[in-house]
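A short write-up of the structure that comes next.
The values are calculated or read from the model by the stated rules, or taken from the named source; none is laboratory data. Note that the structure is a prediction, hence the values are computed from the model and not measured. Cβ placement follows ideal geometry from the backbone for every residue including glycine, while neighbour counts extend to all protein chains displayed. With ligands, DNA and RNA removed, areas are computed over all heavy atoms of the protein, side chains included. Shrake-Rupley method; radii C 1.70, N 1.55, O 1.52, S 1.80 Å.
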Amino acid sequence: MKNYNWATLGCGVIANELAAALKSRGQKLYSVANRTHEKAVAFAEKYGIEKVYNELFKDENVDIIYISTPHNTHIKYLRKALAAGKHVLCEKSITLNSDELDEAISLAEKNHVVLAEAMTIFHMPIYKALLEKVNSGDPGELR
């Protein structure tokens with residue numbers, strides 16, 4: 001199985017969870033970037049990340065970018081990441097409106113990369129069970 005180089009754009013709570021999850025699997029983030037360079041440096045030191053950027057989109061070794069910045073910045077970073085041919089996992093909500101989402105999807109298709117929104121809700125057992133009920137054609141009594 002290929003080992004992908006993940007970069008995080010943003011150093012908040014969710015980025016810390018990503019770094020911790022990778023660490024629990026014996027992996028680590030390849031690189032980190034943040035709007036505040038000092039926070040990126042501190043994050044890198046905490047998790048043993050060697051590369052710290054102001055802009056990470058040009059590094060040809062980055063395979064996947066995890067965007068966990070404030071929602072109003074997502075489309076700006078999605079444009080740069082997708083245009084650079086990077087796969088993207090973006091924290092919810094992925095965009096502020098459907099026009100931005102359409103643009104991001106179009107860029108991902110044009111550049112043959114994966115664009116995904118970090119929606120853990122779809123992986124929770126209760127939602128899998130609900131989906132099975134709905135897809136069975138007999139969801140039961142609705143209340």
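Considering only residues in segment 110-143 that are open to solvent by 100 Å² or more (accessible area, probe 1.4 Å) and under 30 Å from Gly85 (Cα atoms), the one that is modelled with the lowest pLDDT turns out to be Phe122.
Of all residues in segment 2-34, count the ones that are part of a loop (DSSP other than H, G, I, E, B) and open to solvent by less than 10 Å² (accessible area, probe 1.4 Å). Lay out the reasoning, then the answer.
Step one: of segment 2-34, the residues part of a loop (DSSP other than H, G, I, E, B) are 2-5, 10-12, 25-30, 34.
Imposing the further condition that a residue be open to solvent by less than 10 Å² (accessible area, probe 1.4 Å) reduces the set to 10, 29.
Number satisfying all stated conditions: 2.
Taking (1) within 17 Å of the chain's Cα centre (by Cα); (2) modelled with pLDDT under 95; (3) more than 23 Å from Glu100 (Cα to Cα) in turn, His37 satisfies each apart from (1). Of the residues Leu101, Leu107, the single one that is open to solvent by less than 40 Å² (accessible area, probe 1.4 Å), modelled with pLDDT of 95 or more and outside any loop (DSSP other than H, G, I, E, B) is Leu107.
Of all residues in segment 74-98 being assigned to a helix (DSSP H, G or I) and in contact with a strand residue (DSSP E or B) (Cβ under 8 Å, 6 or more places away or on another chain), which is surrounded by the most Cβ atoms within 10 Å (Cβ to Cβ)? First the steps, then the outcome.
Looking only at segment 74-98, we keep the residues that are assigned to a helix (DSSP H, G or I), and these are 74-83, 98.
With in contact with a strand residue (DSSP E or B) (Cβ under 8 Å, 6 or more places away or on another chain) added as a condition, the list becomes 74, 77-78, 81-82.
On the way: His74: 25, Tyr77: 19, Leu78: 25, Ala81: 28, Leu82: 25.
Ranking the candidates gives Ala81 first.
Could you grab me the full set of residues in segment 44-72 that are within 19 Å of Asn16 (Cα to Cα), part of a helix (DSSP H, G or I) and open to solvent by 10 Å² or more (accessible area, probe 1.4 Å)? Those that are within 19 Å of Asn16 (Cα to Cα), part of a helix (DSSP H, G or I) and open to solvent by 10 Å² or more (accessible area, probe 1.4 Å): Glu45, Lys46, Tyr47, His71.
Yes or no, residue by residue, for (1) over 15 Å from Asn34 (Cβ atoms); (2) within 15 Å of the chain's Cα centre (by Cα):
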{"site": "Tyr53", "(1), (2)": "no, no"}
{"site": "Phe57", "(1), (2)": "no, yes"}
{"site": "Asn61", "(1), (2)": "yes, no"}
{"site": "Ile65", "(1), (2)": "no, yes"}
{"site": "Leu82", "(1), (2)": "yes, yes"}
{"site": "Thr95", "(1), (2)": "yes, yes"}
{"site": "Val113", "(1), (2)": "yes, yes"}
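For first residues located in segment 58-82 and under 12 Å from Ser93 (Cα atoms), partners that are open to solvent by 20 Å² or more (accessible area, probe 1.4 Å) and part of a strand (DSSP E or B) and lie 6+ apart or on another chain with Cβ distances below 7 Å form the pairs Ile67/Glu91; Ser68/Glu91.
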